[in-house]
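Just below is one structure, and these are the notes that go with it.
The values are calculated or read from the model by the stated rules, or taken from the named source; none is laboratory data. Predicted model, so just to flag it, every value in this text is computed and none were measured. As a convention, Cβ positions derive from the backbone with ideal geometry for all residues, glycine included, and neighbour counts pool all protein chains shown.
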Amino acid sequence: MGSLQPRRLSPGGTVAAATVLLTIAAVFGGTLLADPLRPPFQAADSAWHDSMLGMRNPFWDFVNLVLNWAGYTGMFVFHALLAAALIARRRPRMALFTVVSGLVVTLLVQLLKWLIQRPRPGDAGVFTETFSYPSGHASSTAAFVVAAALLIGRAWAWVLAALGTVSMMISRTYLAAHWLTDVVGGACLAAAVVLLLWLPAQKIYLEENTGARRILTWTARVSRRRREAGQEGSEPR
């Protein structure tokens, strides 16, 4: 955690990106709210759904069952572990950000599911409950990986965040637990929410990270000097 290098985001660019993402989620959600059974993009969703079914085999079944756990229950565990690590490394405000972002996304997704009430595909390969839009797995995964990328602040973290989100989106359609627009909308919604939660308090997080790095560096130097002094004192005279 001492190597975290969160970057200051441009307010204008961040708001613009979040607006685009929210617009995508809102267009899908609004269309489904008007007609959850026969949206105009159902043909495209069904075509993607059928192509995913044709790709099934035992190996990918196992991989996607693991992702099925990781994308929801696992993400709560990952959020908790990340927050605990941040607190241990003297970054409680950054830890609070990860927890709050995960909870806000989860609550918002559940609210939209019950408002829209889109039926899921009828041939899901895993147990499913509630409604289909937006995808809880895709949104929770996007929330975690975007939050982690913001904290890490390096290009490779954003690449991994994108790969992780896309992998979960494909997994949910492979398992026929969601339609394609469910996972696209869920990922867009979550990413936008996390960016907007980060933006107003990013100065606080950056200052906290700088302070924590100084304290940890000082503590490490003191510990090293004490060890060196102890080793010198134990030498025979």
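Among the residues of segment 79-97, those identified as closer than 17 Å to Ala149 by Cβ and either modelled with pLDDT under 95 or of a type in the set (A, V, I, L, M) (or both) are His79, Leu81, Leu82, Ala83, Ala85, Leu86, Arg91, Met94, Ala95. Of all residues in segment 111-125, which are surrounded by 14 or more Cβ atoms within 10 Å (Cβ to Cβ) and outside any helix (DSSP H, G or I)? Listed by number, the residues that qualify are Gln117, Arg118, Arg120, Pro121, Ala124, Gly125.
Checking the condition among the β-branched types (Val, Ile, Thr), at pLDDT 95 or above and touching a helix residue (DSSP H, G or I) at 6+ places or on another chain (Cβ under 6 Å), which residue from Thr14, Thr31 passes?
On the way: Thr31 fails: touching a helix residue (DSSP H, G or I) at 6+ places or on another chain (Cβ under 6 Å).
Residue meeting the stated conditions: Thr14.
Quick check, is Pro92 over 18 Å from Gly153 (Cα atoms) and either surrounded by fewer than 18 Cβ atoms within 10 Å (Cβ to Cβ) or over 22 Å from the mean Cα position of the chain (by Cα) (or both)? No; evaluated as a whole, the condition is false for this residue.
I want to confirm something. Restricting to segment 82-91 and keeping residues that are touching a helix residue (DSSP H, G or I) at 6+ places or on another chain (Cβ under 7 Å) and in contact (Cβ under 8 Å) with a residue 60 or more places away in the chain, which single residue is nearest to Ala143 (Cα to Cα)? Don't jump to the end; show me each part of the working.
Looking only at segment 82-91, we keep the residues that are touching a helix residue (DSSP H, G or I) at 6+ places or on another chain (Cβ under 7 Å), and these are 82-83, 86-87, 89-91.
If we keep only those that are in contact (Cβ under 8 Å) with a residue 60 or more places away in the chain too, we end up with 82, 86, 89-91.
Details: Leu82: 13, Leu86: 17, Arg89: 22, Arg90: 22, Arg91: 19 Å.
Checking each candidate, the answer is Leu82.
For segment 1-110, the helices (runs of 4 or more DSSP H) that sit wholly inside it and include 1 or more residues that are β-branched (Val, Ile, Thr) are 11-34, 58-70, 73-88.
Quickly run through segment 92-137 and pick out the residues that are touching a residue at least 60 places away in the same chain (Cβ under 8 Å) and within 13 Å of Phe76 (Cα to Cα). Residues satisfying the conditions are Val100, Ser101, Val104, Val105, Gly136, His137. Scanning for something touching a residue at least 12 places away in the same chain (Cβ under 8 Å) and either over 25 Å from Asp182 (Cα atoms) or under 17 Å from the mean Cα position of the chain (by Cα) (or both), does segment 40-52 turn up at least one residue? Within segment 40-52 (the criterion being touching a residue at least 12 places away in the same chain (Cβ under 8 Å) and either over 25 Å from Asp182 (Cα atoms) or under 17 Å from the mean Cα position of the chain (by Cα) (or both)), the answer is no, since none of the residues qualifies. Within segment 132-142, is even one residue closer than 25 Å to Ser46 by Cβ, in a loop (DSSP other than H, G, I, E, B) and among the aromatic types (Phe, Trp, Tyr)? So far as segment 132-142 goes, yes, one or more of its residues are closer than 25 Å to Ser46 by Cβ, in a loop (DSSP other than H, G, I, E, B) and among the aromatic types (Phe, Trp, Tyr). For segment 95-110, taking the residues that are surrounded by 23 or more Cβ atoms within 10 Å (Cβ to Cβ) and among the hydroxyl-bearing types (Ser, Thr, Tyr), the one that is farthest from Ser51 (Cα to Cα) is identified as Thr98. Of the listed requirements (1) free of Cβ contacts under 8 Å to residues at least 12 places away in the same chain; (2) surrounded by 15 or more Cβ atoms within 10 Å (Cβ to Cβ); (3) outside any helix (DSSP H, G or I); (4) not small (Gly, Ala, Ser), Trp158 misses just one: (3).
Annotation note: of Pro58, Pro36, Pro40, the sole residue that is touching a Lys or Arg at 6+ places or on another chain (Cβ under 9 Å) and farther than 23 Å from Ile152 by Cβ is Pro36. Among the candidates Thr165, Thr181, Thr128, the residue that is at pLDDT below 95 and polar (S, T, N, Q) is uniquely Thr128. Of the residues making up segment 165-189, those that are of a type in the set (Gly, Ala, Ser) and crowded, with 24+ Cβ neighbours inside 10 Å are Ser171, Ala177, Gly185, Gly186, Ala187.
Take the residues in segment 1-60 that are touching a Phe, Trp or Tyr at 6+ places or on another chain (Cβ under 9 Å) and of a type in the set (D, E, K, R), then tell me which one is surrounded by the most Cβ atoms within 10 Å (Cβ to Cβ). My answer is Asp45.
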